[in-house]
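The block underneath contains the structure these notes are about, expressed in C-alpha coordinates.
The values are calculated or read from the model by the stated rules, or taken from the named source; none is laboratory data. A quick note: this is a predicted structure, and the numbers were derived from the prediction, not measured. Every residue, glycine as well, gets a Cβ built from its backbone with ideal geometry; the counts of neighbours run over all protein chains shown.
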Amino acid sequence: MSPDPRTRVPGHAAPVRRFQLPTLRGIAMPSAADMHCESSEGRPEPVAVLIGQLSQGGSERQLFMFLTHCDRTRWAPVVYVSGELGFWEEHIRALGIPVRLLTGGRFAKMRQLRAACAAQGTRYFFSWSSYTNPFGLALLGMGVWRIGSFRNALFADLPARLRPAWAWASLSAISLAVCNSKETYDEIALRKAARPKPVYIPNGVEAPATNQIAVWRAAWRARLGIGDDVVLVVGVGRLVKQKRFDRFIEVIERARKEFPVEAVVAGKDFGCLRDLERQVAQSNLNEVVRFIGAIPDARELISAADILLLSSDHEGMPNVVLEAMSAGVPTVVTRVNAVADLIEHGETGFIADHDADDLARHVVRLATHCGLRRHVGERARSAVMLRYGSRAIAHQLWALCGARDTGA
(Lines give C-alpha, C1' and ligand atoms only; values in the text may rest on other atoms or scores of the structure.)
Protein backbone atom coordinates (compact mmCIF):
# COMPACT_ATOMS: atom_id res chain seq x y z
CA MET A 1 0.00 0.00 0.00
CA SER A 2 1.45 3.36 -1.00
CA PRO A 3 1.75 5.74 1.95
CA ASP A 4 -0.55 8.75 2.05
CA PRO A 5 1.47 12.00 2.14
CA ARG A 6 -0.66 13.25 5.01
CA THR A 7 0.01 10.21 7.17
CA ARG A 8 1.99 11.26 10.18
CA VAL A 9 2.17 10.48 13.84
CA PRO A 10 0.70 13.26 16.00
CA GLY A 11 -44.85 4.97 -17.64
CA HIS A 12 -43.02 2.34 -15.85
CA ALA A 13 -39.43 2.31 -16.56
CA ALA A 14 -37.77 -1.03 -17.11
CA PRO A 15 -35.73 -2.22 -14.15
CA VAL A 16 -32.23 -0.86 -14.18
CA ARG A 17 -29.41 -3.36 -14.16
CA ARG A 18 -26.65 -2.14 -11.88
CA PHE A 19 -22.97 -2.81 -12.15
CA GLN A 20 -21.65 -5.06 -9.42
CA LEU A 21 -18.12 -5.13 -8.15
CA PRO A 22 -15.69 -6.13 -9.47
CA THR A 23 -17.14 -6.73 -12.97
CA LEU A 24 -17.99 -3.64 -15.03
CA ARG A 25 -20.73 -4.98 -17.26
CA GLY A 26 -21.86 -3.10 -20.33
CA ILE A 27 -18.42 -1.65 -21.03
CA ALA A 28 -16.04 -3.05 -23.62
CA MET A 29 -13.10 -3.63 -21.31
CA PRO A 30 -9.56 -3.95 -22.68
CA SER A 31 -7.78 -7.27 -22.83
CA ALA A 32 -4.86 -8.09 -20.56
CA ALA A 33 -2.50 -7.49 -23.48
CA ASP A 34 -4.02 -4.06 -24.10
CA MET A 35 -3.65 -3.11 -20.46
CA HIS A 36 0.08 -3.87 -20.37
CA CYS A 37 1.20 -2.61 -23.74
CA GLU A 38 2.60 0.82 -24.44
CA SER A 39 1.48 3.20 -27.16
CA SER A 40 2.46 2.58 -30.75
CA GLU A 41 5.32 5.07 -30.33
CA GLY A 42 6.74 3.04 -27.44
CA ARG A 43 5.84 5.72 -24.88
CA PRO A 44 3.10 5.82 -22.24
CA GLU A 45 -0.17 7.31 -23.48
CA PRO A 46 -0.84 10.90 -22.34
CA VAL A 47 -3.97 11.23 -20.19
CA ALA A 48 -5.48 14.63 -19.39
CA VAL A 49 -7.04 14.54 -15.90
CA LEU A 50 -9.17 17.57 -15.01
CA ILE A 51 -10.30 18.60 -11.53
CA GLY A 52 -11.84 21.80 -10.22
CA GLN A 53 -9.45 22.39 -7.33
CA LEU A 54 -6.77 20.69 -5.24
CA SER A 55 -7.92 21.66 -1.75
CA GLN A 56 -8.36 19.29 1.19
CA GLY A 57 -11.46 17.40 0.15
CA GLY A 58 -12.52 13.81 -0.25
CA SER A 59 -12.62 14.08 -4.03
CA GLU A 60 -9.04 15.33 -4.10
CA ARG A 61 -7.91 12.46 -1.88
CA GLN A 62 -9.58 10.04 -4.29
CA LEU A 63 -7.69 11.68 -7.17
CA PHE A 64 -4.38 11.26 -5.36
CA MET A 65 -5.04 7.56 -4.76
CA PHE A 66 -6.03 7.15 -8.43
CA LEU A 67 -2.74 8.74 -9.53
CA THR A 68 -0.68 6.84 -6.96
CA HIS A 69 -1.79 3.50 -8.43
CA CYS A 70 -1.25 4.51 -12.06
CA ASP A 71 0.76 2.13 -14.25
CA ARG A 72 3.30 4.66 -15.50
CA THR A 73 4.59 2.30 -18.18
CA ARG A 74 1.13 2.48 -19.74
CA TRP A 75 -0.20 5.97 -18.88
CA ALA A 76 1.34 9.43 -18.57
CA PRO A 77 -1.19 11.57 -16.68
CA VAL A 78 -1.15 15.36 -16.61
CA VAL A 79 -3.42 17.03 -14.05
CA TYR A 80 -5.23 20.19 -15.16
CA VAL A 81 -6.95 22.40 -12.58
CA SER A 82 -9.81 24.66 -13.63
CA GLY A 83 -10.09 26.51 -10.31
CA GLU A 84 -7.54 26.80 -7.53
CA LEU A 85 -4.40 24.93 -6.59
CA GLY A 86 -3.99 23.84 -2.99
CA PHE A 87 -2.89 21.20 -0.52
CA TRP A 88 -2.65 18.27 -2.94
CA GLU A 89 -0.60 20.02 -5.62
CA GLU A 90 2.80 19.32 -4.05
CA HIS A 91 1.90 15.70 -3.34
CA ILE A 92 0.80 15.08 -6.91
CA ARG A 93 3.96 16.73 -8.22
CA ALA A 94 5.96 14.52 -5.85
CA LEU A 95 4.64 11.55 -7.84
CA GLY A 96 6.33 13.05 -10.89
CA ILE A 97 3.00 14.07 -12.42
CA PRO A 98 2.71 17.58 -13.94
CA VAL A 99 0.05 19.93 -12.59
CA ARG A 100 -1.16 22.75 -14.84
CA LEU A 101 -3.51 25.57 -13.85
CA LEU A 102 -5.98 26.73 -16.50
CA THR A 103 -6.53 30.49 -16.37
CA GLY A 104 -9.02 33.08 -17.56
CA GLY A 105 -12.71 32.58 -18.23
CA ARG A 106 -14.33 29.21 -18.89
CA PHE A 107 -13.98 29.41 -22.67
CA ALA A 108 -10.34 30.50 -22.36
CA LYS A 109 -9.70 27.51 -20.13
CA MET A 110 -11.37 25.20 -22.63
CA ARG A 111 -9.17 26.56 -25.42
CA GLN A 112 -6.08 26.01 -23.26
CA LEU A 113 -7.09 22.43 -22.55
CA ARG A 114 -7.74 21.70 -26.22
CA ALA A 115 -4.42 23.23 -27.28
CA ALA A 116 -2.48 21.29 -24.62
CA CYS A 117 -4.14 17.99 -25.57
CA ALA A 118 -3.48 18.61 -29.27
CA ALA A 119 0.18 19.42 -28.59
CA GLN A 120 0.66 16.22 -26.57
CA GLY A 121 -1.38 13.98 -28.85
CA THR A 122 -3.70 13.17 -25.94
CA ARG A 123 -6.32 10.52 -26.70
CA TYR A 124 -7.70 10.09 -23.16
CA PHE A 125 -9.51 12.63 -20.97
CA PHE A 126 -10.65 11.99 -17.39
CA SER A 127 -12.88 14.61 -15.77
CA TRP A 128 -13.08 14.25 -12.01
CA SER A 129 -16.51 15.86 -11.37
CA SER A 130 -19.79 16.81 -12.98
CA TYR A 131 -18.63 20.44 -12.87
CA THR A 132 -15.58 19.72 -15.05
CA ASN A 133 -17.31 17.26 -17.39
CA PRO A 134 -18.39 20.06 -19.80
CA PHE A 135 -14.72 20.65 -20.66
CA GLY A 136 -15.02 17.50 -22.75
CA LEU A 137 -16.88 19.61 -25.32
CA ALA A 138 -13.56 21.34 -26.06
CA LEU A 139 -12.14 18.01 -27.21
CA LEU A 140 -14.82 17.08 -29.73
CA GLY A 141 -13.47 16.13 -33.13
CA MET A 142 -10.06 15.12 -31.72
CA GLY A 143 -10.74 11.40 -31.29
CA VAL A 144 -10.40 11.71 -27.51
CA TRP A 145 -12.03 9.11 -25.26
CA ARG A 146 -13.80 11.29 -22.69
CA ILE A 147 -14.49 9.82 -19.25
CA GLY A 148 -16.58 11.93 -16.88
CA SER A 149 -17.42 11.61 -13.20
CA PHE A 150 -20.35 12.16 -10.88
CA ARG A 151 -19.04 12.31 -7.31
CA ASN A 152 -22.01 13.94 -5.61
CA ALA A 153 -25.76 13.54 -5.89
CA LEU A 154 -26.24 13.69 -9.67
CA PHE A 155 -26.10 17.44 -10.51
CA ALA A 156 -25.55 18.81 -6.99
CA ASP A 157 -22.09 20.14 -7.88
CA LEU A 158 -23.41 22.26 -10.73
CA PRO A 159 -24.28 25.97 -10.43
CA ALA A 160 -27.93 26.60 -9.52
CA ARG A 161 -28.17 29.27 -12.22
CA LEU A 162 -28.86 27.67 -15.60
CA ARG A 163 -28.54 24.22 -14.06
CA PRO A 164 -30.48 22.45 -16.86
CA ALA A 165 -27.94 23.77 -19.37
CA TRP A 166 -25.05 22.74 -17.14
CA ALA A 167 -26.59 19.29 -16.71
CA TRP A 168 -26.93 18.87 -20.48
CA ALA A 169 -23.29 19.85 -20.99
CA SER A 170 -22.09 17.61 -18.16
CA LEU A 171 -23.69 14.58 -19.80
CA SER A 172 -23.23 15.46 -23.47
CA ALA A 173 -19.51 16.18 -23.21
CA ILE A 174 -18.48 12.69 -22.14
CA SER A 175 -18.46 9.18 -23.55
CA LEU A 176 -18.53 7.34 -20.22
CA ALA A 177 -19.87 8.43 -16.81
CA VAL A 178 -18.24 7.10 -13.65
CA CYS A 179 -20.75 7.14 -10.77
CA ASN A 180 -19.60 6.53 -7.21
CA SER A 181 -23.13 5.70 -6.06
CA LYS A 182 -25.66 3.25 -7.45
CA GLU A 183 -28.39 5.86 -7.11
CA THR A 184 -26.62 8.22 -9.51
CA TYR A 185 -25.87 5.31 -11.84
CA ASP A 186 -29.58 4.47 -11.92
CA GLU A 187 -30.56 8.08 -12.66
CA ILE A 188 -28.24 8.25 -15.67
CA ALA A 189 -29.15 4.76 -16.92
CA LEU A 190 -32.87 5.56 -16.80
CA ARG A 191 -32.35 8.40 -19.28
CA LYS A 192 -31.85 5.70 -21.94
CA ALA A 193 -29.60 7.98 -23.95
CA ALA A 194 -26.85 6.52 -26.13
CA ARG A 195 -24.38 8.58 -24.16
CA PRO A 196 -22.87 8.68 -21.73
CA LYS A 197 -22.70 5.05 -20.71
CA PRO A 198 -22.79 4.92 -16.89
CA VAL A 199 -20.52 2.68 -14.85
CA TYR A 200 -20.61 2.26 -11.09
CA ILE A 201 -17.23 2.39 -9.36
CA PRO A 202 -17.25 3.40 -5.68
CA ASN A 203 -14.65 5.42 -3.84
CA GLY A 204 -11.66 3.62 -2.39
CA VAL A 205 -9.90 3.93 0.94
CA GLU A 206 -6.56 2.96 2.44
CA ALA A 207 -7.26 1.42 5.82
CA PRO A 208 -4.72 2.44 8.48
CA ALA A 209 -3.03 -0.21 10.61
CA THR A 210 -4.56 -0.82 14.02
CA ASN A 211 -1.47 0.43 15.85
CA GLN A 212 -1.57 3.65 13.77
CA ILE A 213 -5.22 4.16 14.71
CA ALA A 214 -4.30 3.83 18.40
CA VAL A 215 -1.49 6.38 18.05
CA TRP A 216 -3.75 8.87 16.29
CA ARG A 217 -6.51 8.39 18.87
CA ALA A 218 -4.21 9.00 21.81
CA ALA A 219 -2.54 12.01 20.18
CA TRP A 220 -5.75 13.79 19.23
CA ARG A 221 -7.47 13.13 22.55
CA ALA A 222 -4.46 14.56 24.35
CA ARG A 223 -4.52 17.58 22.04
CA LEU A 224 -8.22 18.13 22.73
CA GLY A 225 -7.84 17.52 26.47
CA ILE A 226 -10.36 14.67 26.35
CA GLY A 227 -10.01 11.54 28.43
CA ASP A 228 -10.54 8.10 26.97
CA ASP A 229 -13.73 7.78 29.04
CA VAL A 230 -15.42 10.65 27.16
CA VAL A 231 -17.67 9.64 24.25
CA LEU A 232 -16.55 11.89 21.40
CA VAL A 233 -18.74 12.57 18.36
CA VAL A 234 -16.85 13.93 15.34
CA GLY A 235 -18.07 15.72 12.23
CA VAL A 236 -15.81 16.44 9.26
CA GLY A 237 -16.53 18.55 6.19
CA ARG A 238 -16.57 21.98 4.64
CA LEU A 239 -18.76 24.39 6.57
CA VAL A 240 -21.35 24.82 3.82
CA LYS A 241 -25.14 24.57 3.90
CA GLN A 242 -25.15 21.16 2.21
CA LYS A 243 -23.35 19.58 5.17
CA ARG A 244 -26.02 20.79 7.64
CA PHE A 245 -23.84 21.27 10.67
CA ASP A 246 -26.79 23.14 12.17
CA ARG A 247 -28.49 19.74 12.26
CA PHE A 248 -25.30 18.25 13.75
CA ILE A 249 -25.57 20.72 16.65
CA GLU A 250 -29.24 19.87 17.14
CA VAL A 251 -28.34 16.19 17.33
CA ILE A 252 -25.74 16.82 20.03
CA GLU A 253 -28.18 18.97 21.99
CA ARG A 254 -30.82 16.22 21.93
CA ALA A 255 -28.35 13.40 22.63
CA ARG A 256 -26.99 15.18 25.71
CA LYS A 257 -30.40 14.97 27.35
CA GLU A 258 -29.69 11.25 27.73
CA PHE A 259 -25.88 10.96 27.66
CA PRO A 260 -23.05 13.53 28.09
CA VAL A 261 -21.38 13.24 24.68
CA GLU A 262 -18.89 15.86 23.48
CA ALA A 263 -18.34 16.93 19.87
CA VAL A 264 -15.70 18.31 17.52
CA VAL A 265 -16.19 19.55 13.97
CA ALA A 266 -13.25 19.91 11.56
CA GLY A 267 -13.48 21.70 8.25
CA LYS A 268 -12.80 24.94 6.42
CA ASP A 269 -15.40 27.66 6.82
CA PHE A 270 -17.27 28.79 3.71
CA GLY A 271 -19.45 31.39 5.41
CA CYS A 272 -21.42 29.30 7.92
CA LEU A 273 -19.20 29.40 11.02
CA ARG A 274 -20.62 32.56 12.60
CA ASP A 275 -24.20 31.25 12.48
CA LEU A 276 -23.10 27.86 13.79
CA GLU A 277 -21.24 29.42 16.71
CA ARG A 278 -24.30 31.51 17.50
CA GLN A 279 -26.43 28.35 17.52
CA VAL A 280 -23.95 26.63 19.84
CA ALA A 281 -24.09 29.56 22.26
CA GLN A 282 -27.90 29.70 22.21
CA SER A 283 -28.01 25.97 22.95
CA ASN A 284 -25.59 26.36 25.89
CA LEU A 285 -23.11 24.03 24.22
CA ASN A 286 -20.02 26.28 24.25
CA GLU A 287 -18.12 23.77 26.41
CA VAL A 288 -19.41 20.81 24.43
CA VAL A 289 -19.14 21.52 20.67
CA ARG A 290 -15.88 22.81 19.19
CA PHE A 291 -15.09 23.97 15.67
CA ILE A 292 -11.38 23.51 15.01
CA GLY A 293 -11.10 24.52 11.35
CA ALA A 294 -9.34 22.62 8.58
CA ILE A 295 -6.77 20.05 9.66
CA PRO A 296 -4.00 18.35 7.62
CA ASP A 297 -5.38 14.82 7.90
CA ALA A 298 -8.96 14.22 8.98
CA ARG A 299 -8.31 10.48 9.36
CA GLU A 300 -6.28 11.18 12.48
CA LEU A 301 -9.13 13.06 14.18
CA ILE A 302 -11.67 10.48 13.01
CA SER A 303 -9.57 7.78 14.70
CA ALA A 304 -10.02 9.65 17.98
CA ALA A 305 -13.81 9.54 17.65
CA ASP A 306 -16.22 7.11 19.24
CA ILE A 307 -18.90 8.05 16.70
CA LEU A 308 -18.71 9.73 13.29
CA LEU A 309 -21.84 11.78 12.61
CA LEU A 310 -22.77 12.80 9.05
CA SER A 311 -25.70 15.23 8.93
CA SER A 312 -25.64 16.25 5.24
CA ASP A 313 -28.64 16.89 3.02
CA HIS A 314 -26.93 15.21 0.06
CA GLU A 315 -23.61 13.53 -0.78
CA GLY A 316 -22.12 11.21 -3.36
CA MET A 317 -20.15 8.48 -1.60
CA PRO A 318 -18.97 10.28 1.57
CA ASN A 319 -15.23 9.88 1.94
CA VAL A 320 -15.37 10.59 5.68
CA VAL A 321 -17.72 7.65 6.18
CA LEU A 322 -15.32 5.33 4.36
CA GLU A 323 -12.44 6.64 6.48
CA ALA A 324 -14.36 6.21 9.71
CA MET A 325 -15.36 2.67 8.80
CA SER A 326 -11.77 1.82 7.85
CA ALA A 327 -10.66 3.04 11.29
CA GLY A 328 -13.27 0.95 13.08
CA VAL A 329 -15.32 3.99 14.13
CA PRO A 330 -19.11 3.46 14.03
CA THR A 331 -21.06 5.95 11.92
CA VAL A 332 -24.47 7.58 12.16
CA VAL A 333 -25.45 9.11 8.82
CA THR A 334 -28.36 10.72 7.07
CA ARG A 335 -29.95 8.77 4.26
CA VAL A 336 -27.94 10.30 1.43
CA ASN A 337 -27.11 8.87 -1.98
CA ALA A 338 -24.44 6.17 -1.57
CA VAL A 339 -24.63 5.41 2.16
CA ALA A 340 -26.93 2.46 1.50
CA ASP A 341 -24.19 1.05 -0.74
CA LEU A 342 -21.70 1.38 2.11
CA ILE A 343 -23.59 0.65 5.30
CA GLU A 344 -25.64 -2.31 6.43
CA HIS A 345 -27.97 -0.60 8.88
CA GLY A 346 -27.49 -1.82 12.43
CA GLU A 347 -24.46 -3.94 11.53
CA THR A 348 -21.81 -1.69 9.99
CA GLY A 349 -23.37 1.66 10.91
CA PHE A 350 -26.69 3.44 11.32
CA ILE A 351 -28.71 5.24 8.63
CA ALA A 352 -31.27 7.79 9.78
CA ASP A 353 -33.79 10.15 8.26
CA HIS A 354 -32.92 13.81 7.76
CA ASP A 355 -34.20 14.44 11.25
CA ALA A 356 -32.26 15.45 14.37
CA ASP A 357 -34.34 13.26 16.69
CA ASP A 358 -33.78 10.15 14.57
CA LEU A 359 -30.04 10.81 14.33
CA ALA A 360 -29.82 11.53 18.08
CA ARG A 361 -31.55 8.25 18.89
CA HIS A 362 -28.79 6.29 17.14
CA VAL A 363 -26.05 8.45 18.65
CA VAL A 364 -27.43 7.78 22.16
CA ARG A 365 -27.69 4.06 21.49
CA LEU A 366 -24.02 3.91 20.51
CA ALA A 367 -22.90 6.29 23.26
CA THR A 368 -24.49 4.19 25.99
CA HIS A 369 -23.21 0.81 24.76
CA CYS A 370 -19.46 0.42 24.43
CA GLY A 371 -19.85 -3.16 23.24
CA LEU A 372 -22.16 -2.09 20.42
CA ARG A 373 -19.66 0.56 19.31
CA ARG A 374 -16.91 -2.06 19.20
CA HIS A 375 -19.08 -4.59 17.32
CA VAL A 376 -20.27 -2.11 14.69
CA GLY A 377 -16.79 -0.63 14.27
CA GLU A 378 -15.17 -4.02 13.74
CA ARG A 379 -17.80 -5.11 11.24
CA ALA A 380 -17.47 -1.82 9.37
CA ARG A 381 -13.68 -2.05 9.13
CA SER A 382 -13.85 -5.62 7.82
CA ALA A 383 -16.46 -4.70 5.20
CA VAL A 384 -14.50 -1.71 3.91
CA MET A 385 -11.20 -3.57 3.73
CA LEU A 386 -12.90 -6.35 1.77
CA ARG A 387 -14.71 -4.20 -0.82
CA TYR A 388 -13.16 -0.74 -1.09
CA GLY A 389 -9.38 -1.09 -1.23
CA SER A 390 -7.89 1.93 -3.00
CA ARG A 391 -5.58 -0.07 -5.27
CA ALA A 392 -8.38 -2.25 -6.68
CA ILE A 393 -10.66 0.75 -7.18
CA ALA A 394 -7.91 2.72 -8.93
CA HIS A 395 -7.17 -0.18 -11.25
CA GLN A 396 -10.85 -0.32 -12.25
CA LEU A 397 -10.77 3.40 -13.07
CA TRP A 398 -7.57 3.14 -15.12
CA ALA A 399 -9.03 0.17 -17.00
CA LEU A 400 -11.75 2.50 -18.33
CA CYS A 401 -9.14 4.39 -20.33
CA GLY A 402 -8.75 1.28 -22.46
CA ALA A 403 -12.52 0.92 -22.99
CA ARG A 404 -12.58 3.25 -25.97
CA ASP A 405 -15.86 3.93 -27.74
CA THR A 406 -15.58 3.94 -31.53
CA GLY A 407 -17.84 6.96 -31.68
CA ALA A 408 -15.82 9.09 -29.28
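Within the stretch 296-314, residues that are under 24 Å from Asn337 (Cα atoms) have Cβ atoms under 6 Å from residues that are of a type in the set (Asp, Glu) in these pairs: Arg299/Glu323; Ile302/Glu323, counting only partners at least 6 apart in sequence or on another chain.
Would you be able to say whether some residue in the stretch 305-315 is within 17 Å of Arg387 (Cβ to Cβ) and of a type in the set (A, V, I, L, M, F, W, C)?
We begin by selecting, within the stretch 305-315, every residue within 17 Å of Arg387 (Cβ to Cβ); these are none.
Checking the stretch 305-315: not a single residue is within 17 Å of Arg387 (Cβ to Cβ) and of a type in the set (A, V, I, L, M, F, W, C).
Among the strands (runs of 3 or more DSSP E) confined to the stretch 67-163, the ones with at least 2 residues that are in the same structural domain as Lys182 (by TED's automatic domain parsing) and over 26 Å from Glu315 (Cα atoms) are located at 75-84, 99-101. Do the conditions hold for Glu315, that is, is it buried (at least 21 other Cβ atoms within 10 Å of the Cβ) and either assigned to a strand (DSSP E or B) or not assigned by TED's automatic domain parsing to the domain that holds Phe87 (or both)? For Glu315, the condition - buried (at least 21 other Cβ atoms within 10 Å of the Cβ) and either assigned to a strand (DSSP E or B) or not assigned by TED's automatic domain parsing to the domain that holds Phe87 (or both) - is met. For the stretch 269-283, indicate whether the set of residues that are crowded, with 24+ Cβ neighbours inside 10 Å and closer than 23 Å to Arg223 by Cα is non-empty. Taking every residue of the stretch 269-283 in turn, none turns out to be crowded, with 24+ Cβ neighbours inside 10 Å and closer than 23 Å to Arg223 by Cα. Here the stretch 164-199 is the region considered, the condition is being of a type in the set (A, V, I, L, M) and assigned to a helix (DSSP H, G or I), and the residue that is farthest from Ser149 (Cα to Cα) is Ala165.
Does Val230 qualify as being in the same structural domain as Leu309 (by TED's automatic domain parsing), of a type in the set (A, V, I, L, M) and surrounded by 16 or more Cβ atoms within 10 Å (Cβ to Cβ)?
On the way: in the same structural domain as Leu309 (by TED's automatic domain parsing): yes; of a type in the set (A, V, I, L, M): yes; surrounded by 16 or more Cβ atoms within 10 Å (Cβ to Cβ): no.
No: the conditions fail for Val230.
Taking the stretch 338-357 as the range and being on the phi > 0 side of the Ramachandran plot and crowded, with 24+ Cβ neighbours inside 10 Å as the test, only Gly349 passes. The lone criterion from (1) among the hydrophobic types (A, V, I, L, M, F, W, C); (2) touching a strand residue (DSSP E or B) at 6+ places or on another chain (Cβ under 7 Å); (3) at pLDDT 95 or above left unmet by Cys179 is number (3).
Look through Arg106, Arg93 and report the one residue that is at pLDDT below 95 and of a type in the set (Lys, Arg). Spell out the reasoning first.
Working: Arg93 fails: at pLDDT below 95.
The conditions single out Arg106.
Of a type outside the set (A, V, I, L, M, F, W, C), on the phi > 0 side of the Ramachandran plot and either surrounded by 15 or more Cβ atoms within 10 Å (Cβ to Cβ) or not assigned by TED's automatic domain parsing to the domain that holds Ala266 (or both): does that describe Gly328? Quick ask: steps written out before the conclusion?
On the way: of a type outside the set (A, V, I, L, M, F, W, C): yes; on the phi > 0 side of the Ramachandran plot: yes; either surrounded by 15 or more Cβ atoms within 10 Å (Cβ to Cβ) or not assigned by TED's automatic domain parsing to the domain that holds Ala266 (or both): yes.
Against the criterion (of a type outside the set (A, V, I, L, M, F, W, C), on the phi > 0 side of the Ramachandran plot and either surrounded by 15 or more Cβ atoms within 10 Å (Cβ to Cβ) or not assigned by TED's automatic domain parsing to the domain that holds Ala266 (or both)), Gly328 qualifies.
Give the number of residues within the stretch 344-395 that are over 21 Å from Arg254 (Cα atoms) and among the aromatic types (Phe, Trp, Tyr). Full working, then the answer.
Going through the stretch 344-395, the residues over 21 Å from Arg254 (Cα atoms) turn out to be 344-345, 347-348, 371, 374-395.
Now restrict to residues that are among the aromatic types (Phe, Trp, Tyr): 388.
Looking only at that region, the number is 1.
The set of residues in the stretch 284-298 that are surrounded by fewer than 17 Cβ atoms within 10 Å (Cβ to Cβ) and closer than 12 Å to Glu262 by Cα comprises Asn286, Glu287, Arg290.
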